[in-house]
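Notes to accompany the following structure.
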Amino acid sequence: MIEFGNFYQRIANSPLSHWLEVLPAQLAAWQRESLHGKFKDWFNAVDRLPEMTPHSLDLLNGVRAQAEPELGPGQKEGIEKMLRALMPWRKGPFDLYGIHINTEWRSDWKWERVLPHISPLEGRTILDVGCGSGYHLWRMIGAGAHFAVGIDPMQLFLCQFEAVRKLLGGDQRAHLLPLGIEQLPELAAFDTVFSMGVLYHRRSPLDHLYQLKNQLVKDGELVLETIVIEGDENQVLVPGDRYAQMRNVYFIPSAKALVKWLEKCGFVDVRIVDSCVTSLEEQRRTDWMISESLAEFLDPNDQSKTVEGYPAPIRAVIVARKP
């Protein structure tokens, strides 16, 4: 079973210490009640991975670890087998001892779009909401963050994160907890909060924005990345049963409308810093994620539309401050 004792120790004497009033009980309940049917197989794959200490580690330019001397074919094949047992890999990529995990998303491209527009991460305590496999947590550490905490209720992502951590030498500067944002108390302890690819999945998007705000310190920074549509500050798309084959998409505002939402929630210095159409090169099927991807979600005769006839995904990055 995955243990969280190191995380408890890490926050015990920090501004996050009051989280310990509820967190151990929440995670104990998760371990008793919420385990996915495949969790045992996923955990066994993590457990069978060797403990590795990289000879060189690069978290600034990617998530890359190398051994010296290089791994032999048998050891490399064994590690890759365990990592493939954790498919599908959606967020990455990872380059671990000569094994390239070619994920569905080029999350490094998103990071390159985000990083130039946000406050420097050196020395900051960070929360990444809906962090997936934790790829961006490692990039945050590479950018100088003191401590990066990710939350995501998907148990496969937790196992992927712990597998990568094991291959990075057990690095304790980043942690992933199998929780949703609604389970967090009002911690008001993070210098930067990221919410990337989450807002359109929330039934109540303004409640989500308030939840994010409640995790920030005074003058803390929110980095919000989400799907938007073109239009003025009054434009919001409410899809029907599906959007780009996703069932759980509720509200897709224009970027200008999203600025108004953030201001309504009390954020200041709200800025749209990037907007781009999601390309078939950024999100695609690979041999590490073999099910349908963006190419199957767009109209084959008009890639400016989803298969349902809605505008194809545009992703915007908005930065704001809690006063």
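The values are calculated or read from the model by the stated rules, or taken from the named source; none is laboratory data. All values reported here derive from a predicted model rather than from experimental measurement. Glycine gets a Cβ as well: all are built from the backbone with ideal geometry, and neighbour counts include every protein chain shown. Surface accessibility is based on the protein's heavy atoms, side chains included, excluding ligands, DNA and RNA. Shrake-Rupley method; radii C 1.70, N 1.55, O 1.52, S 1.80 Å.
Looking at the stretch 281-303, is at least one residue more than 21 Å from the chain's Cα centre (by Cα) and closer than 20 Å to MET196 by Cβ? Taking every residue of the stretch 281-303 in turn, at least one turns out to be more than 21 Å from the chain's Cα centre (by Cα) and closer than 20 Å to MET196 by Cβ.
Tell me which residues, restricted to the stretch 208-221, are open to solvent by less than 10 Å² (accessible area, probe 1.4 Å), in contact (Cβ under 8 Å) with a residue 60 or more places away in the chain and over 11 Å from ASP191 (Cβ atoms). Working first, answer last.
As a first pass, look at the stretch 208-221 and keep what is open to solvent by less than 10 Å² (accessible area, probe 1.4 Å): 208-209, 212, 215-216, 220.
Filter once more, so that each one left must be in contact (Cβ under 8 Å) with a residue 60 or more places away in the chain: 212, 215-216, 220.
Of everything in the stretch 208-221, just one residue is open to solvent by less than 10 Å² (accessible area, probe 1.4 Å), in contact (Cβ under 8 Å) with a residue 60 or more places away in the chain and over 11 Å from ASP191 (Cβ atoms), namely LEU212.
Criterion first (open to solvent by 30 Å² or more (accessible area, probe 1.4 Å), over 30 Å from ILE101 (Cβ atoms) and not acidic (Asp, Glu)) does ASN248 satisfy it?
Values: open to solvent by 30 Å² or more (accessible area, probe 1.4 Å): yes; over 30 Å from ILE101 (Cβ atoms): no; not acidic (Asp, Glu): yes.
It is false that ASN248 is open to solvent by 30 Å² or more (accessible area, probe 1.4 Å), over 30 Å from ILE101 (Cβ atoms) and not acidic (Asp, Glu).
When residues in the stretch 251-263 are screened for being open to solvent by less than 10 Å² (accessible area, probe 1.4 Å) and among the aliphatic types (A, V, I, L, M), 4 of them pass.
Of all residues in the stretch 12-33, those being part of a loop (DSSP other than H, G, I, E, B) and free of Cβ contacts under 8 Å to residues at least 40 places away in the same chain number 2.
Based on what the data block shows, is PHE194 open to solvent by less than 10 Å² (accessible area, probe 1.4 Å), under 30 Å from ARG64 (Cβ atoms) and within 12 Å of the chain's Cα centre (by Cα)? The answer is yes for PHE194.
Scanning the stretch 221-243 for residues being within 27 Å of GLU112 (Cβ to Cβ) and touching a helix residue (DSSP H, G or I) at 6+ places or on another chain (Cβ under 9 Å) gives a total of 11.
Give the residues of the stretch 144-170 that are part of a loop (DSSP other than H, G, I, E, B) and either under 24 Å from ALA29 (Cβ atoms) or open to solvent by less than 20 Å² (accessible area, probe 1.4 Å) (or both), sorted by residue number.
Residues satisfying the conditions are ALA145, ASP152, PRO153, MET154, LEU168.
Residues in the stretch 234-245 that are in contact (Cβ under 8 Å) with a residue 24 or more places away in the chain and surrounded by 15 or more Cβ atoms within 10 Å (Cβ to Cβ): LEU237, PRO239, ARG242, TYR243, ALA244, GLN245. For ARG203, the conditions (1) more than 30 Å from THR53 (Cβ to Cβ); (2) part of a strand (DSSP E or B); (3) open to solvent by 10 Å² or more (accessible area, probe 1.4 Å) are fulfilled apart from (2). Any residue at all in the stretch 117-130 that's open to solvent by less than 10 Å² (accessible area, probe 1.4 Å), more than 17 Å from LEU222 (Cβ to Cβ), touching a strand residue (DSSP E or B) at 6+ places or on another chain (Cβ under 7 Å) and in contact (Cβ under 8 Å) with a residue 40 or more places away in the chain? No - not one qualifying residue is present in the stretch 117-130.
Within the stretch 264-323, restricting attention to residues that are in a helix (DSSP H, G or I) and in contact with a Ser or Thr (Cβ under 7 Å, 6 or more places away or on another chain), the residue that is surrounded by the fewest Cβ atoms within 10 Å (Cβ to Cβ) is PHE297.
The single condition from (1) touching a helix residue (DSSP H, G or I) at 6+ places or on another chain (Cβ under 8 Å); (2) part of a helix (DSSP H, G or I) that VAL259 fails is (1).
Looking at this structure, is LEU49 over 21 Å from the mean Cα position of the chain (by Cα) and either under 27 Å from LEU83 (Cα atoms) or without any contact (Cβ under 8 Å) to a residue 40 or more places away in the chain (or both)? Full working, then the answer.
Working: over 21 Å from the mean Cα position of the chain (by Cα): yes; either under 27 Å from LEU83 (Cα atoms) or without any contact (Cβ under 8 Å) to a residue 40 or more places away in the chain (or both): yes.
So LEU49 fits the description; yes.
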